[in-house]
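This report refers to the structure that appears directly beneath it.
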Amino acid sequence: MSKFRKKKKGMPAVNTAALPDIVFMLLFFFMVTTTMRETSLQIDAPRLPSATEVKKLEHKSLVTTIYVGKAKDAKYGTSYNRIQLNDKIATADEVPAFIINARSKVSEAEVPFMTTSIKADTESSVGTIIDIRLKLRDVNALKISYSASKKTE
Amino acid sequence: MARRENPEINAGSMADIAFLLLIFFLVTTTMNVDSGVSKKLSEKPPADYVPPVIKEKNIFEVSINRNNELLVEGERMDIKDLKEAAISFVDNGGGEGKVENGVATGPCSYCKGDRSDDSSDHPNKAIISVQSDRLTEYGTYLTVQDELLKAYSFLRNRLSVEKYKIPFEELEESYKDNRANENLKNKVEFIKTAYPQIISDQEPTN
């Protein structure tokens, strides 16, 4: 009997060899689903209005986003009508240049499918949105999407 | 000589590294899908453009003032009643439809409205015009747009269920999955032309 007793002493180690595999699986999942935020918000994250007739925005690369809301920096005032293009606060007059710049990044054939998504705060005023819209019309960027969260009734 | 064993690579820290990466991606991931109310802007009219004359009864006027109150066809209204009002206006079918490519569409055969003389002639003639103040809240503006779109999707759905026994949304979905299908395409086109969404934005008041 003493022959058998000699072998094992203490706790056997738990086999954790499969743990990295599981973690990697999760890792890949998140890597694939991640979309990196390209711009840092200069305005407070807009509180989107909710609507029921919303459509999903497809083809992320063809979407250009314009943010409207209250600037984080106090020097721009406290109204909810500041416009953010790229990384900085801008005025509606800079919208055409912004759109043309975005257009140069996609191929010619895809330009008609480009969508401008307006992410505006519920408390922004319609005037600001209309200023943007008129500028968009000037450069023929006619597809727009008013960003809204899906409301369930 | 001591017995040589195969040296084992210590993979104990691999999990730690993977966890580190995992946590990084967990934090940076944004799961929300962008969605929104899509609209197509009208093209910029040429300088000498003369807008066509539209009969008063074919225009459904909605205006929103700076206090976010609604005036519909000259009367005050709550947002919750807007959908019903829009439905009864679009679906009225009181007269002849417009002439398309020389073919008159005739009176609306699928409308279930009152066929009143003071409301719209035909869904393809009915125009909803939204006027807002520059100081109107964007949230209210979008809610109004949403209600109007709801009215249209109600009508489209009703017609679709009646004709094809399938809600319009599902019809559109199945067309998206199968773009080559002519039959589906015709169905979608038919519903869309039966109730075209004509919502126009007026210049805002100051």
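The values are calculated or read from the model by the stated rules, or taken from the named source; none is laboratory data. All figures in this text were calculated on a predicted structure; none of them were measured in a lab. Note that each Cβ is placed from the backbone with ideal geometry, even for glycine, and that neighbours are counted across all protein chains shown. The protein model used for the area step is the full one, side chains on, heavy atoms only, and it has no ligands, DNA or RNA in it. Shrake-Rupley method; radii C 1.70, N 1.55, O 1.52, S 1.80 Å.
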* Structure fact -> Taking the stretch A:17-58 and keeping residues within 13 Å of the chain's Cα centre (by Cα), away from chain B (no Cβ under 11 Å) and either under 30 Å from B:Y152 (Cα atoms) or open to solvent by 50 Å² or more (accessible area, probe 1.4 Å) (or both) leaves A:E38, A:S40, A:A45
* Asked: Got a sec? Which of B:E100, B:E173, B:E96 is open to solvent by 40 Å² or more (accessible area, probe 1.4 Å), at pLDDT below 85, more than 21 Å from B:V62 (Cα to Cα) and within 14 Å of chain A (Cβ to nearest Cβ)?
  -> B:E173
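Pick out the one residue from B:F24, B:F60 that is in contact with a strand residue (DSSP E or B) (Cβ under 6 Å, 6 or more places away or on another chain) and either surrounded by fewer than 16 Cβ atoms within 10 Å (Cβ to Cβ) or more than 14 Å from chain A (Cβ to nearest Cβ) (or both).
Numbers: B:F24 fails: in contact with a strand residue (DSSP E or B) (Cβ under 6 Å, 6 or more places away or on another chain).
That would be B:F60, the only listed residue that is in contact with a strand residue (DSSP E or B) (Cβ under 6 Å, 6 or more places away or on another chain) and either surrounded by fewer than 16 Cβ atoms within 10 Å (Cβ to Cβ) or more than 14 Å from chain A (Cβ to nearest Cβ) (or both).
One line per residue, one yes/no per condition, for (1) closer than 23 Å to B:L41 by Cβ; (2) touching a strand residue (DSSP E or B) at 6+ places or on another chain (Cβ under 9 Å); (3) modelled with pLDDT of 85 or more:
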residue	(1), (2), (3)
B:E56	no, no, no
B:G74	no, yes, no
B:V90	yes, yes, no
B:S109	no, no, no
B:N124	yes, yes, no
B:S132	yes, yes, yes
B:S160	no, no, yes
* Asked: What tally of residues in the stretch B:154-206 results from selecting those that are under 19 Å from B:S38 (Cα atoms) and free of Cβ contacts under 8 Å to residues at least 12 places away in the same chain?
  -> 4
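Among the candidates B:A126, B:A151, single out the residue that is under 23 Å from A:Y146 (Cα atoms) and open to solvent by less than 60 Å² (accessible area, probe 1.4 Å). Spell out the reasoning first.
Details: B:A126 fails: under 23 Å from A:Y146 (Cα atoms).
It is B:A151.
Of all residues in the stretch A:129-147 being among the β-branched types (V, I, T) and within 19 Å of B:D146 (Cα to Cα), which is nearest to the chain's Cα centre (by Cα)?
A:I144
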* Is one or more of the residues making up the stretch B:45-64 polar (S, T, N, Q), assigned to a loop (DSSP other than H, G, I, E, B) and more than 22 Å from B:E137 (Cβ to Cβ)? -> no
* To do: Could you run through the stretch B:32-42 and say how many residues are at the interface with chain A (Cβ under 7 Å from one of its Cβ atoms) and modelled with pLDDT under 80?
  => 2
* **Boolean, A:G77 is open to solvent by less than 10 Å² (accessible area, probe 1.4 Å) and closer than 18 Å to B:L135 by Cα** => no
* Asked: Looking at this structure, is A:F113 surrounded by 15 or more Cβ atoms within 10 Å (Cβ to Cβ) and of a type in the set (A, V, I, L, M, F, W, C)?
  -> no
* To do: Working carefully through the options B:E84, B:E8, B:E61, B:E43, find the one that is under 18 Å from the mean Cα position of the chain (by Cα) and among the acidic types (D, E).
  => B:E84
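Could you say which residue among B:E5, B:E69 is open to solvent by 60 Å² or more (accessible area, probe 1.4 Å), modelled with pLDDT under 80 and of a type in the set (D, E, K, R)? Even if it seems obvious, please write down each step before you answer.
Numbers: B:E69 fails: modelled with pLDDT under 80.
Only one candidate qualifies: B:E5.
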* In the stretch A:49-61, what count of residues is obtained for those that are in contact with a Leu (Cβ under 9 Å, 6 or more places away or on another chain) and in a loop (DSSP other than H, G, I, E, B)? -> 3
* What is the number of the single condition among (1) more than 14 Å from chain A (Cβ to nearest Cβ); (2) over 20 Å from the mean Cα position of the chain (by Cα); (3) surrounded by 12 or more Cβ atoms within 10 Å (Cβ to Cβ) that B:P204 does not meet? -> (1)
